[in-house]
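Worksheet for the structure shown next.
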Amino acid sequence: MSRELDCNRWLLFALCAHLFFLLPPLRTRAFAVDVVPEGAEDKTELAVLQKSEKSGTDSKISRELKEIVFIIQSQSNSYHSKRAEDLKRDILKQAADLGKELPTVLLTHQIDGHEGAWTILPLMRDFSVTYGRNSSWIFFCEEDTRIQVVKLLETLGRFDRSKEWFLGKALYDEESTIIHHYAFAENPTAFKFPDFAAGWALSIPLVNKLAKMLKSEPLKSDFTIDLKHEIALYIWQKGEGPHLTPVPEFCTDDVNSYKADHCATTFSNFLPLCGEPVKKEDVFIAVKTCRKFHGDRIPVVKQTWESEAALIEYYSDYADVSIPTIDLGIPNTDRGHCGKTFAILERFLNHSSPKTPWLVIVDDDTLISIFRLRKVLSCYDPNEPVFLGERYGYGLGTGGYSYITGGGGMVFSRIAVQKLLASKCRCYSMDAPDDMVLGMCFSGLGIPVTHSPLFHQARPMDYPKGYLSHQIPVSFHKHWNIDPVKVYFTWLAPNTEESLNGKKVGHNREDL
């Protein structure tokens, strides 16, 4: 009997102990979530609990936000620098609204001592030294990228920051292309590279690795043609480095698109317009040609974009009254054309109206929308020295200079031409590459080239479809294996809807 009583007492004690340890968690859960107590002290306790939970979340957001370094791929031209500063303010405002410490936001054109800062890789050693210990990510974006900071934090939080990550929206070539040196010719779709417009990110371990690589072996490539592809190639290291990891939250959908709800980044894909378009009479068009192309290339110009231009002249090695062309007295060369280009610059300065603020030099196989160009030029101050087009680079890993590649069109403000010719910088030979000589000259004058991705040195099929899908292009170049008239009317011709609101208009471009 005594043994049975002791047993019952033990069971009762065990049951009480179990209830004692079980009840507090149940009470806490009900207290915090399900029950709102009536007493003032209980309300205070609830507020403390909720504040503690929120503080923990905010603290985590703040810590993670502080560990991201934002790099805006900016330019020093007044229009572009303002766009980049606006984006910087927006990022910092979003961070301030969280009530915590602000992240680092840098503009590439303000980074001292790097002529090639826009090519990013030369900055890796500085990034590693400055941010290699206290940061987790370097996030890059363009001036028109729009960022939802909290969503970006959530997205990056999915990845182990202690590992090497290369994140972005993936682009790929449908076919091998000259602008990528026909890389991956057997299967060009296999290699992915980031769309800068959507933003892209490197984890700090990868930044540190790249810095060590660059320290031991400097960049080898002389030319920078398509930066996004070349950066991906360098990181890939012939298969030994990380591939680009596609991130669906990195988007190029417009911020107002219904697709943008899931996006950490979006992109403004409207044609730049800052007031009224520049008048037709304010843009002088110079077409470089030669006698052997009068019969096949000039008719294409006349069938397509010539009617958009109020002031246009054709410069050749032969005066053909049927076009008409103007013989500048410069013999034609098989390549380079530096002598001809400088003769055009002299003629514009000395023979055109001094009230004409803009000069555009194009090849006879350039397809261009003067209608769109006039809108783009509304954003630039003709009183500044502007040299505008698609930017390439030469030797930027070891100094070098940037230049505007000629085939997509080169745009000059009059003041830029005046400063150039006053400097006495000239061609070192008549057949020197005119665009590269111009780049050297402007670099020596301290006048940076201004890049626009809307100008294109190659044909539409030479660019990824995903890249062109969020563009309203201004130009393409070359007539190789295409119907240039069809390309113009598909990609570049003005139309009623575009004339009304400046928005991108869809066309059937699958066969181009």
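The values are calculated or read from the model by the stated rules, or taken from the named source; none is laboratory data. Because the structure is predicted, anything quoted here is derived from the model rather than measured. Cβ atoms come from the backbone with ideal geometry, glycine included; neighbour counts cover every protein chain shown. Remember, those area values only see protein heavy atoms, side chains included, never the ligands or the DNA or RNA. Shrake-Rupley method; radii C 1.70, N 1.55, O 1.52, S 1.80 Å.
Please tell me if residue 343 is hydrophobic (A, V, I, L, M, F, W, C) and under 27 Å from residue 81 (Cα atoms). When the stated conditions are applied, residue 343 does not pass them. Within the option set 144, 126, 226, being open to solvent by 20 Å² or more (accessible area, probe 1.4 Å) and either out of contact with any strand residue (DSSP E or B) (no Cβ under 7 Å at 6 or more places or on another chain) or modelled with pLDDT under 95 (or both) holds for one residue only, 126.
What about residue 376, is it assigned to a helix (DSSP H, G or I) and either touching a strand residue (DSSP E or B) at 6+ places or on another chain (Cβ under 6 Å) or open to solvent by less than 10 Å² (accessible area, probe 1.4 Å) (or both)? Show your work before the answer.
Numbers: assigned to a helix (DSSP H, G or I): yes; either touching a strand residue (DSSP E or B) at 6+ places or on another chain (Cβ under 6 Å) or open to solvent by less than 10 Å² (accessible area, probe 1.4 Å) (or both): yes.
In short, yes.
Give the residue that is surrounded by the most Cβ atoms within 10 Å (Cβ to Cβ), with candidates limited to residues of segment 380-413 that are out of contact with any Ser or Thr (no Cβ under 7 Å at 6 or more places or on another chain) and part of a helix (DSSP H, G or I). Per the stated criteria, the residue is 406. The set of residues in segment 147-161 being open to solvent by 10 Å² or more (accessible area, probe 1.4 Å) and in contact with a Ser or Thr (Cβ under 6 Å, 6 or more places away or on another chain) consists of 161 alone.
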